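Please read the structure below before turning to the comments.
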Amino acid sequence: MWPYQPTDREKKFGLQSHTNNDFKILVVEDEAIIAMDIQSILRKIGFADSEVVSSGEESVEKVAARKPHLVLMDIRLKGRMDGIQAAHQIFYEYHVPVVYITAFGDESTLKRANGTARYGYITKPFEERELQSTITSALTQAYN
């Protein structure tokens, strides 16, 4: 369940008049400029409690320690564990929804991600409203 009770109007139209500050979002992105941009957008749309890590290994550790409500995961990461492997472990061990954010929308990547892409997939570059709507949809799907 959501940490708040939506009004009837919010339920009917899928709107959220509450603050998104109740939700913790973990951003997994190894390109610093992109990570800062995503975090800036998250703050702007009301998700002030976000944190950035740059590897799959770090993401799994951070999810275990911080228990975020959602992970925004780049697929291609430096290190031993890519985003798909990290997302699989995060989802199946910690039951935290994952939304992929990646520049790689090719068929083979999408097939690999298919089993763990239940909550969304955004291709870079993306618009602020696309990110906001995907996050809202993922949180609604995961917690309602």
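The values are calculated or read from the model by the stated rules, or taken from the named source; none is laboratory data. Keep in mind it's a predicted model, so treat the numbers as computed, not measured. Quick reminder, even Gly has a Cβ in these numbers, built from the backbone with ideal geometry, and neighbours come from all protein chains shown.
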Output the residues belonging to segment 28-43 that are touching an Asp or Glu at 6+ places or on another chain (Cβ under 7 Å) and either more than 15 Å from Leu70 (Cα to Cα) or among the β-branched types (Val, Ile, Thr) (or both).
Val28, Asp30, Ala35, Ile38, Ile41
I need a count of the residues in segment 25-40 that are under 13 Å from the mean Cα position of the chain (by Cα), aliphatic (A, V, I, L, M) and assigned to a helix (DSSP H, G or I).
2
Top-ranked residue in segment 85-144 [being among the polar types (S, T, N, Q) and either under 18 Å from Phe23 (Cβ atoms) or touching a residue at least 40 places away in the same chain (Cβ under 8 Å) (or both); ranked as surrounded by the fewest Cβ atoms within 10 Å (Cβ to Cβ)]
Asn144
Does Phe13 satisfy the condition of being surrounded by 18 or more Cβ atoms within 10 Å (Cβ to Cβ) and either modelled with pLDDT under 95 or out of contact with any strand residue (DSSP E or B) (no Cβ under 8 Å at 6 or more places or on another chain) (or both)?
no
Considering segment 44-65 alone, what residues qualify as being at pLDDT 95 or above and part of a helix (DSSP H, G or I)?
Gly56, Glu57, Glu58, Ser59, Val60, Glu61, Lys62, Val63, Ala64, Ala65
Restricting segment 101-132 to residues that are among the charged types (D, E, K, R) and part of a loop (DSSP other than H, G, I, E, B), the one modelled with the lowest pLDDT turns out to be Asp106
Give me a count of the residues in segment 52-80 that are surrounded by fewer than 18 Cβ atoms within 10 Å (Cβ to Cβ), over 20 Å from Lys124 (Cβ atoms) and touching a residue at least 24 places away in the same chain (Cβ under 8 Å).
5
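Looking at segment 47-93 only, could you name the residues that are aliphatic (A, V, I, L, M) and closer than 19 Å to Ala142 by Cβ?
Of everything in segment 47-93, those that are aliphatic (A, V, I, L, M) and closer than 19 Å to Ala142 by Cβ turn out to be Val60, Val63, Ala64, Leu70, Val71, Leu72, Met73, Ile84, Ala86, Ala87, Ile90.
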Considering each residue of segment 23-61, count those that are more than 20 Å from Pro97 (Cβ to Cβ) and hydrophobic (A, V, I, L, M, F, W, C), and give that number.
4
